[in-house]
Amino acid sequence: MKRLRLAGIGCGGRTLTYFGLGGKMPDRYEVVAAADPLPERVERARVASRNPAFRGFASDKELLAQDRLADVMVIGTQDAYHVQPCIAAMEKGYDILLEKPIATTLADVLMLESAAKRLKRKVLVCHVLRYSPFYRKVKEIVASGALGKVISLNATEGVGAWHQAHSFVRGHWSVTEKATPMIIAKSCHDLDVISWLMDEPCQSVASYGELSHFTAANAPAGAPARCTDGCPVAATCQYNATLYAANQRGWLAHVYDQEAGASTEQINAWLATSPWGRCVYRCDNTAVDHQVVAMRFGGGSTATFTMTAFDSGRDLEIYGTKGHLRAGDNYRQHTGADILISEHGTGNVTKFNVSTMVGGYDGHGGGDSGLMLALHDEMMKADAADMHSSIHRSVESHLIGYAAEHARKTDTAVDLATFRKLHEGMPLEAKQAR
């Protein structure tokens, strides 16, 4: 087996996850280089690589100034800085493993897809749920015809209290105008899975949602601007930022580079000035905390998706002409089975349990490991469009997501073919205005 050499731009949590998994698969991968402005993150990448010849760089431009060092470049920068390094790496001759979301505007998503075609580069998007054993089993069941023709689908994603607070109230995606809409940043995974399972082009989208809870109007009486300033409800508030020093240190490590070995006092001192120390009711956040999306697909089938801050885990219901499927975290909790199929007419119920691969983020159900196990074979395919989560396939979920955000903000139903044409070839100044 020919080993693939991996390099990375941006050494945050996602790149380090893929490097760590790749470093444990020496028959498939050799992790050779990475760039990040923070030296401590480059050092973490070096450790994850398990490669004594690993080369670290202080910027993407410095790395890309070298002769081509690897076969595949992992783009793991913040959402708004995906486009430039991705195109520069493709022009240098790299194939790409691109963290989702692809880009912060639909016009840029389409432009990157066009660039990949023009440069004849392979771009695999990290829609890791496609590679998890759970969703692969669901896809197998749907494809087998056991449910008959799929008529409707309902999916939910409970973001979870702490994830919502960390990422979408205090964190990088809290101000939508400066980042990516939450329906894209958090849930293009889910929209991708829905598109994959429905196996028809999505024709139109409607959506509703807003920021309802994480506002000053809902702040407890006497709550200060920061959790470190002494809050009267600190003992019972599930969003208390001082929990970063206790049972939420895993989240802290994503944003505080000195987390390893830091004392409670040091963490609280950092929280006293950090965005992650703010009261969740007194932030500058604009991201929604709940949103629903309704989709019409070819053949007359429909799907709905609910994203909410006020639950955790993913659940799925698929209704077909022969039977229906119910699956996911809540069904597992109450029935002990990952997937339940009920046959119409007889009432017979078939249950499945799916083993989860270890490695990577727990919420992806083994998808991170599944992606890295598949990446080698995916990159060896002759036609980039045949890759399981190629940019050409992944455009669909982003099209749905950006159309949903437009529908939410304008209170309209959006025709996707028209919406796509509107954003194709859009000049830069128009993209920025939108």
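The values are calculated or read from the model by the stated rules, or taken from the named source; none is laboratory data. Because the structure is a prediction, the values reported are computed rather than measured. Quick reminder, even Gly has a Cβ in these numbers, built from the backbone with ideal geometry, and neighbours come from all protein chains shown. For the accessible areas, the whole protein counts, side chains as well, though only heavy atoms, and no ligand, DNA or RNA atoms are used. Shrake-Rupley method; radii C 1.70, N 1.55, O 1.52, S 1.80 Å.
Odds and ends about this structure:
- On full extension, the segment bounded by Q203 and L373 gains 57.9 nm, given 0.36 nm per residue less the C-alpha separation.
- Of the chymotrypsin sites (Phe, Trp or Tyr not before Pro) found in the range 277-337, those in coil by DSSP whose Cβ has at most 14 other Cβ atoms within 10 Å are F310.
- Each Lys and Arg Cβ is given +1 and each Asp and Glu Cβ -1; about its Cα centre, the chain then shows a dipole of about 620 debye.
- Correct choice for Cα extents along the principal axes in Å that was computed from the model, options (1) 84, 51, 35; (2) 66, 50, 41; (3) 62, 60, 47: (3)
- For the chain, the per residue solvent-accessible surface stands at 42 Å², with DNA, RNA and ligands left out and a 1.4 Å probe.
- Counting every alpha-carbon pair across the range 1-140, the share separated by more than 20 Å comes to 45%.
- Among A272, A179, A65, the largest mean-square fluctuation in a Gaussian network model of the chain, built with springs joining Cα atoms closer than 10 Å, belongs to A65.
- Length released on extending from L422 to A58, taking residue separation times 0.36 nm less the Cα-Cα span: 127.2 nm
- Net lengthening on full extension, K409/H334 (0.36 nm per residue, minus Cα-Cα): 23.3 nm
- Whether the range 265-352 is rounded, prolate or oblate, judged on the alpha carbon gyration tensor where a/c under 1.5 counts as rounded: oblate
- In order along the range 220-231, the phi-based Karplus estimate (6.51 cos²θ - 1.76 cosθ + 1.60, θ = phi - 60°) of 3J(HN,Hα) comes to x, 4, x, 5, x, 5, 10, 5, 7, 8, x, 9 Hz; Gly and Pro are listed as x.
- Sorted from greatest to least, the principal axis extents spanned by the alpha carbons of the range 157-275 come out as 54, 35, 26 Å.
- The range 78-153 - convex hull of the alpha-carbon atoms, volume per residue in Å³: 136
- Descending Cα extents along the principal axes, the range 15-76, whole Å: 29, 24, 21
- Computed with a 1.4 Å probe over protein heavy atoms only, the accessible area of H406 comes to about 60 Å².
- Eligible lysines near K61 by straight Cα distance, threshold 18 Å, same-chain separation 8 or greater: K92
- Carbon + sulfur, % of accessible area of the chain - ligands and nucleic acids excluded, 1.4 Å: 52
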